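To start, the structure under review is shown below, and the notes come after it.
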Amino acid sequence: MTDPAPLPRLATAEVEAHQHFVELVAEVRPQLFKYCARMTGSIFDGEDVVQETLAKAYLALGSGTEAPSLRPWLFRIAHNAAMDFLKRYERKHVDFVAEVPELTGAEESGVDPALVEAALVRFIALPPLQRSALVLKDVLGHSLAETAATMATSVSAVKAALVRARANLARSPEPPHAPPAPEAAAEDRQHLRRYAELFNNRDWDALRALMGAESRLEVVTRTRRRGAAAAEYYVRYAELAPQEDLRAEPGWVDDTPVIAVFRPASSALPSYFVLVEWHGEKVALIRDFRYVPYIADGAPYTPTEGWPSRS
């Protein structure tokens, strides 16, 4: 019989290689997220693009591709992934500044604090190339040369995109934060409240009962499961919830219904989010962002009580 020992060794080597990669990119990952969230206009789509970026980078390294300097290399991959995302969803915008004045003043360093705090919807009003230049230069503080390298264009093209982007933002008022559609809001509020109440009551059996044979689970960056295996997700939370004093609260991030998790329970700001999709009264999908807590940093979260009653 063939000795099965090499298989576990290979598996262990793969796990160790992946863990080393995760540690290697840990410092730059939140910056990639800030870029991708503003490019896609969604913190959740943005994190999906970050995951796609890191998967492509990991495969490239595994195939023997010699990576250049890590940070600019990852940003180039992220830029291309974000542009592909926008093309897939046909998110087109009009470049409505006709003339391009020259940039003036010091343009090689610094960020714009107002843009760092700006709502994501401010960015998606811009054409993608303007958006990319603005986020890289004015939000993340990249130099003109770094921005041009990421976008695979010239410094003069970046300057032109920046002028247009800044002018377009100046001409566009801050859009109002509109509540979700009435029908969706009422149904989602009911589901979210029920889920949060069961979580806060530590009623894990009742939460498991919400999971069906086709229910899917994704603990982002960690695991994916389906059916009975997905329901075992609550075994871990039965340990974590009392240890970390977790509190769940139903709410919205932009127009997306979420469960916000506070750690500890008395915290004023969410620590991370859990997305729960439903099929009737059963859970269809759970996406738990526990292991990417930067997703909640500055997110436009509003509790369900923040919306007017729709009943």
Check: When region 7-29 is examined, which residues are found to be at pLDDT 85 or above, open to solvent by 70 Å² or more (accessible area, probe 1.4 Å) and not in a loop (DSSP other than H, G, I, E, B)?
Finding: E23, L24
Next item on the list: Would you be able to say whether some residue in region 231-241 is within 30 Å of T53 (Cβ to Cβ) and either among the basic types (K, R) or in contact (Cβ under 8 Å) with a residue 60 or more places away in the chain (or both)?
Entry: yes
Next item on the list: Considering every residue within region 242-249, establish whether at least one is open to solvent by less than 30 Å² (accessible area, probe 1.4 Å), outside any loop (DSSP other than H, G, I, E, B) and closer than 23 Å to A55 by Cβ.
Entry: no
Checklist line | Meets criteria (under 29 Å from V49 (Cβ atoms) and either in a strand (DSSP E or B) or open to solvent by 10 Å² or more (accessible area, probe 1.4 Å) (or both)) for P257 | finding: yes
Note to self: Yes or no: region 88-95 includes at least one residue that is at pLDDT 55 or above and buried (at least 18 other Cβ atoms within 10 Å of the Cβ).
What the structure shows: no
Next item on the list: Working only within region 190-234, note down all residues that are open to solvent by 20 Å² or more (accessible area, probe 1.4 Å), part of a helix (DSSP H, G or I), of a type outside the set (G, A, S) and more than 22 Å from P293 (Cβ to Cβ).
Entry: Q190, R193, R194, E197, L198, W204, D205, R208
Check: Within region 260-297, which residues are open to solvent by 40 Å² or more (accessible area, probe 1.4 Å) and in a loop (DSSP other than H, G, I, E, B)?
Finding: R263, P264, S266, A268, L269, G280, E281, Y291, D297
Next item on the list: Among the numbered conditions (1) aliphatic (A, V, I, L, M); (2) crowded, with 20+ Cβ neighbours inside 10 Å; (3) in contact with a Phe, Trp or Tyr (Cβ under 9 Å, 6 or more places away or on another chain), tell me where A238 comes up short.
Entry: (2)
Next item on the list: Only residues that are outside any helix (DSSP H, G or I) and either within 10 Å of R38 (Cα to Cα) or open to solvent by less than 50 Å² (accessible area, probe 1.4 Å) (or both): list them for region 111-137, please.
Entry: A118, A119, L126, P127
Next item on the list: Among the residues of region 162-189, write down those that are out of contact with any Lys or Arg (no Cβ under 9 Å at 6 or more places or on another chain), surrounded by 15 or more Cβ atoms within 10 Å (Cβ to Cβ) and modelled with pLDDT of 85 or more.
Entry: V163, R164, R166, A167, N168
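The values are calculated or read from the model by the stated rules, or taken from the named source; none is laboratory data. These numbers come from a predicted model, not from an experiment. Reconstructed Cβ throughout: ideal geometry from the backbone, glycine too, with neighbour counts over all protein chains shown. SASA here: full protein model, heavy atoms, side chains in, ligands and nucleic acids out. Shrake-Rupley method; radii C 1.70, N 1.55, O 1.52, S 1.80 Å.
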